[in-house]
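To keep things clear, I will list the structure first and then write my remarks on it.
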Amino acid sequence: MTTSKLDRRKKYTRMVLKESLIQLLKDKQISSITVKEICDVADINRSTFYAHYSDQFDLLDKIEEELIEDMTGYLSQYSYEEDDLKMIEKLLDYFASKQEICKILLNEKVDTTFQKKS
């Protein structure tokens, strides 16, 4: 089996697990979501989940970290040089492009640490 095929499978598995958790977070707090529920939605067995993440909190943490890295990379493309308004405009553009996930992670009801990280 080639490395690229394995990498694609890993990427796909992680993507499906992340999407499944985000879907569940629309209705439930992270503390009430189980690994089994995530696996059921993702149609992936639990041993595969544990090959990538230690628990649902680890998965959420990785989602938050990726979003922060993505946002930092997006904002670093621009030179602001004391133009705070332009930076705020670009930040709002970014949040608009990632509206669904930001809405979920910044929701008061979704017990996440994202607000403190960003």
Bounding extents of the range 1-70 in its principal axis frame from Cα atoms, largest first in Å, are 39, 29, 18
Between LYS86 and THR34, the FRET efficiency computed from the C-beta separation at R0 = 35 Å comes out, to the nearest 0.05, as 0.20
With Rh as the Kirkwood radius over Cα pairs, the range 3-117 has Rg/Rh of 1.04
Expressed as a whole-number percentage, the relative contact order of the range 3-117 with C-alpha contacts under 8 angstrom and at least six residues apart is 28
Protection proxy (average C-beta count within 10 Å per residue), highest first, orders 53-64, 7-18, 83-94 as 53-64, 7-18, 83-94
Rounded to the nearest 0.05, FRET efficiency between ALA96 and ARG8 (Cβ-Cβ, R0 30 Å) equals 0.50
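Just so you know, all these numbers are worked out from the coordinates, no wet-lab data involved. Bear in mind the structure is a predicted one, so any value in this text is a computation, not a measurement. Ideal geometry is used to build each Cβ from the backbone, glycine not excepted, and the neighbour counts take in all protein chains shown.
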